[in-house]
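Single-structure report; data block below.
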Amino acid sequence: MPAAAHAGIPSLRRSRLEHRALRSGLLTGGAWAAAILASVPLVSVLYMLIVRGGARMHWDLLLELPPAGFEMGGGFGNAIVGTVVMVGLAALISVPVGIACAVFLAELGPHSTLASAVRFSAKTLTGLPSILAGVFAYASVVLVTGTYSAPAGAVPTVVLTAEEAMKMVPRITKDAAYGMGCTRSQVIWKIVLPTALPGILTGVMLAVARAAGETAPLLFTALFSSFWLVEHGAVRLMQPTASLAVLIYNFSGMPFENQIELAWAASLVLVMIVLFVNIVSRLLGRRRV
């Protein structure tokens, strides 16, 4: 074919010096550089935790009680149990209430005055320092019951994440259900909640991960303990309860090398727990797509 016949056909070959390709490459490189720079603190912290905390890791740490001042050895098994119990209680209390509030905000009365007030309160609470939540729990639970306890330390929230997950349910899907004669409660139970479940679980698990790492609220609510929650086969919830976050706070400031090493090991365990929960939440979130 003559060369003149190709004159009107654009070239499909990409030129690296073309303006848009050059700008795209620069922006991509800048994004990678920013991501690598942002990961440096995370990688450095993980490296330090693995080196210093991993050197002390042993199964005995997960089964023994915290040592006294000049005592060697010991572990933080009761702190792991206390953390799991308090986070479990927090989820048991907050998840049903949070999802019920989210259903009201997203489906039942999204434009009502009450919904606006609840939404504003939830956003305000998520922005407050966690220590203020601890002070509130201290006044409303500890002073009322007369003791520090595991239930007093159970306080995360999932309202806003669950509401956003429910808003992602396509309107046409709900309209189709209404068109088939479904009631509002049937649409919520059989359409909205099952469809939004991965997003709701993501919010729940992220809240759980955050609650597991909180320290300041637990100083006002659960305090700390060097004993197990289970005594003679019975769970003693209404007593001061150990947690990994408070154990790290207490032991890191002690002048004893054994306690400092235990604080590093407990930090590694806590980070691994939070990292595991975050990975699971991301995997659940991908199922929404």
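The table below gives the values:
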item: Qualifying residue in segment 175-186 (condition: within 18 Å of V97 (Cα to Cα) and part of a helix (DSSP H, G or I)); result: yes
item: Condition check for L197: within 30 Å of A242 (Cβ to Cβ) and either in a helix (DSSP H, G or I) or open to solvent by less than 60 Å² (accessible area, probe 1.4 Å) (or both); result: no
item: Subset of segment 232-246 (residues that are in a loop (DSSP other than H, G, I, E, B), in contact with a Phe, Trp or Tyr (Cβ under 6 Å, 6 or more places away or on another chain) and open to solvent by less than 10 Å² (accessible area, probe 1.4 Å)); result: A242
item: Close pairs from segment 23-40: first touching a residue at least 12 places away in the same chain (Cβ under 8 Å) and aliphatic (A, V, I, L, M), partner surrounded by 10 or more Cβ atoms within 10 Å (Cβ to Cβ) and in a helix (DSSP H, G or I), Cβ under 8 Å, at least 6 apart; result: none
item: Output for segment 255-273, where each listed residue is under 14 Å from the mean Cα position of the chain (by Cα) and either of a type in the set (D, E, K, R) or open to solvent by 40 Å² or more (accessible area, probe 1.4 Å) (or both); result: V271, M272, I273
item: Number of positions in segment 13-30 that are open to solvent by 60 Å² or more (accessible area, probe 1.4 Å) and at pLDDT 80 or above; result: 5
item: Segment 155-193: number of residues that are modelled with pLDDT of 70 or more and open to solvent by 50 Å² or more (accessible area, probe 1.4 Å); result: 18
item: Scope segment 106-119; condition surrounded by 16 or more Cβ atoms within 10 Å (Cβ to Cβ) and in contact (Cβ under 8 Å) with a residue 60 or more places away in the chain; matching residues; result: A106, E107
item: Matching residues in segment 69-93 - criterion: being open to solvent by less than 20 Å² (accessible area, probe 1.4 Å) and farther than 20 Å from A265 by Cα; result: M86, A90
item: Count - residues of segment 215-231 that are surrounded by fewer than 23 Cβ atoms within 10 Å (Cβ to Cβ), under 20 Å from A263 (Cα atoms) and of a type outside the set (F, W, Y); result: 6
item: Filter pass, A152 being surrounded by 19 or more Cβ atoms within 10 Å (Cβ to Cβ), at pLDDT below 75 and either of a type in the set (G, A, S) or farther than 26 Å from K174 by Cβ (or both); result: yes
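Rundown of residues vs (1) over 19 Å from A211 (Cα atoms); (2) of a type in the set (D, E, K, R); (3) at pLDDT below 85, yes/no style:
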site	(1), (2), (3)
I50	yes, no, no
E71	yes, yes, yes
G75	yes, no, no
L89	no, no, yes
V95	no, no, yes
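The values are calculated or read from the model by the stated rules, or taken from the named source; none is laboratory data. None of the values given here were measured: they were computed from a predicted structure. Cβ: placed from backbone, ideal geometry, glycine included. Neighbour counts: every protein chain shown. Note: accessible area is taken over every heavy atom of the protein model, side chains too, but ligands, DNA and RNA are not part of it. Shrake-Rupley method; radii C 1.70, N 1.55, O 1.52, S 1.80 Å.
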